[in-house]
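Q: Below: one structure in structure tokens.
The values are calculated or read from the model by the stated rules, or taken from the named source; none is laboratory data. Nothing here was measured: the structure is a model prediction, and the numbers come from that model. Neighbour counts run over all protein chains shown; Cβ positions are idealised from the backbone, glycine included.
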Amino acid sequence: MILQEFDRPPSALRYMTLAFWPSPGLRPGAPFPSIVMRWRGYRATARDIDRFCSSSGVPASEDLPFLFPHVIGFRLQMALLTHPAFPVPIWRMLQIRNHLRQHRAIGRNAVLELEASVAGHRVLEKGLEVDVHCGVREAGELAWEGTNTFYARGSFGAPGNASPLASAPTVNGDEAGRWRTSPDGALRFGALTGDYNGIHLSDPYARLFGFKRAFLHPQRVLAQCLARLSAAPAAHPRRLDAWLKGPVPYAVEASLRTSRAGTDEVLFALTTDQDERPAIIGRLTCA
């Protein structure tokens, strides 16, 4: 196992530089490297909480917002995905699913330990899926955890079975919110996640990677969706399953549809005026 520990935010300059190093590749049948990134003594700052809330529309409260650990913990995931032992270049990896669970509320002044690790991988017919797990502990107790699934196109050997979480639900509901996406704050939100990828900042750069234009960080769009779920369950624990189907560009009209799947579950789908297909599908459950 490869373990790297931090007592401060992982340096974006370091891991963004490592992103350009050659990756060792994944040989068919070879074990996936076990990589763990651990960040001790993290305490949220008022500035970071305000940045998160202002960029997403999530109201401030005495506790950390549900998606805040998802955003802050992404720095550890960036450090993991750019580690020299990680077999696939980060610029080939795209987030495709988030499965997040909050076991209890986390106070704004809590001192936390964050840990990111490779939780599994699957070889598919047209690519590779990698699950990265992030856990957040307070005084040794697991308070929040999430699994991000990343996808890379290519040939990685004989395909296996798809994830049982690969299929998204169908959402047939009424519009619950509409807004125009804005590039304002893109760099500040990138500072929260530690993700300074140019596909979120520059149209010409995004086109180099096959996108029509730059688009919002997925975490930011997801938070904007949750901010508009007026019927969302508020109790703990909570679970969010999100399927990231496509990019959400800047300066487009976004529309959020929602429907209830029971007293403790809300389904939602986000579309834009550029594409009638959902860019994000989600299920929020009070479990």
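Q: Within the range 148-161, identify whether any single residue is surrounded by 15 or more Cβ atoms within 10 Å (Cβ to Cβ), in contact with a strand residue (DSSP E or B) (Cβ under 7 Å, 6 or more places away or on another chain), among the polar types (S, T, N, Q) and more than 25 Å from residue 250 (Cα to Cα), and answer yes or no.
A: Among the residues of the range 148-161, not one is surrounded by 15 or more Cβ atoms within 10 Å (Cβ to Cβ), in contact with a strand residue (DSSP E or B) (Cβ under 7 Å, 6 or more places away or on another chain), among the polar types (S, T, N, Q) and more than 25 Å from residue 250 (Cα to Cα), which makes the answer no.
Q: How many residues does the range 181-204 contain that are surrounded by 14 or more Cβ atoms within 10 Å (Cβ to Cβ), hydroxyl-bearing (Ser, Thr, Tyr) and more than 18 Å from residue 246 (Cβ to Cβ)?
A: 3
Q: Also, quick follow-up: Which residue out of 69, 33, 28, 89 is over 26 Å from residue 286 (Cα atoms), touching a Gly at 6+ places or on another chain (Cβ under 8 Å) and in contact (Cβ under 8 Å) with a residue 60 or more places away in the chain?
A: Sole residue among the options that is over 26 Å from residue 286 (Cα atoms), touching a Gly at 6+ places or on another chain (Cβ under 8 Å) and in contact (Cβ under 8 Å) with a residue 60 or more places away in the chain: 28.
Q: What are the residues in the range 164-180 that are surrounded by fewer than 17 Cβ atoms within 10 Å (Cβ to Cβ) and touching a strand residue (DSSP E or B) at 6+ places or on another chain (Cβ under 9 Å), if any?
A: 165, 166, 167, 169, 170, 172, 173, 174, 175, 178, 179, 180 - these are the residues of the range 164-180 that are surrounded by fewer than 17 Cβ atoms within 10 Å (Cβ to Cβ) and touching a strand residue (DSSP E or B) at 6+ places or on another chain (Cβ under 9 Å).
Q: Say whether the condition of being among the basic types (Lys, Arg) and closer than 23 Å to residue 151 by Cβ is met by at least one residue in the range 51-69. Can you show your working first?
A: Looking only at the range 51-69, we keep the residues that are among the basic types (Lys, Arg), and these are 51.
Within this subset, residues satisfying the condition of being closer than 23 Å to residue 151 by Cβ are none.
Within the range 51-69 (the criterion being among the basic types (Lys, Arg) and closer than 23 Å to residue 151 by Cβ), the answer is no, since none of the residues qualifies.
Q: Inside the range 97-208, counting only strands (runs of 3 or more DSSP E) that do not spill past its ends, which hold 1 or more residues that are free of Cβ contacts under 8 Å to residues at least 40 places away in the same chain?
A: Those strands (runs of 3 or more DSSP E) span 112-124, 127-138, 141-153.
Q: Condition first: farther than 21 Å from residue 117 by Cα, modelled with pLDDT under 90 and either loosely packed, with under 12 Cβ neighbours inside 10 Å or of a type outside the set (Lys, Arg) (or both). Can you find one or more residues in the range 44-53 that meet it?
A: Scanning the range 44-53 turns up no residue that is farther than 21 Å from residue 117 by Cα, modelled with pLDDT under 90 and either loosely packed, with under 12 Cβ neighbours inside 10 Å or of a type outside the set (Lys, Arg) (or both).
Q: Just a yes or no: is a residue in the range 2-16 under 15 Å from residue 119 (Cα atoms), surrounded by fewer than 20 Cβ atoms within 10 Å (Cβ to Cβ) and touching a residue at least 40 places away in the same chain (Cβ under 8 Å)?
A: yes
Q: Still on this model: Could you list, in sequence order, all residues of the range 58-81 that are among the β-branched types (Val, Ile, Thr) and modelled with pLDDT under 95?
A: Result: 58, single match.
Q: Kindly state which strands (runs of 3 or more DSSP E) lie completely within the range 235-286 and contain at least 1 residues that are farther than 23 Å from residue 200 by Cβ and not charged (D, E, K, R).
A: Values: elements: 238-244, 253-260, 265-272, 275-286.
Correct list: 253-260, 265-272, 275-286.
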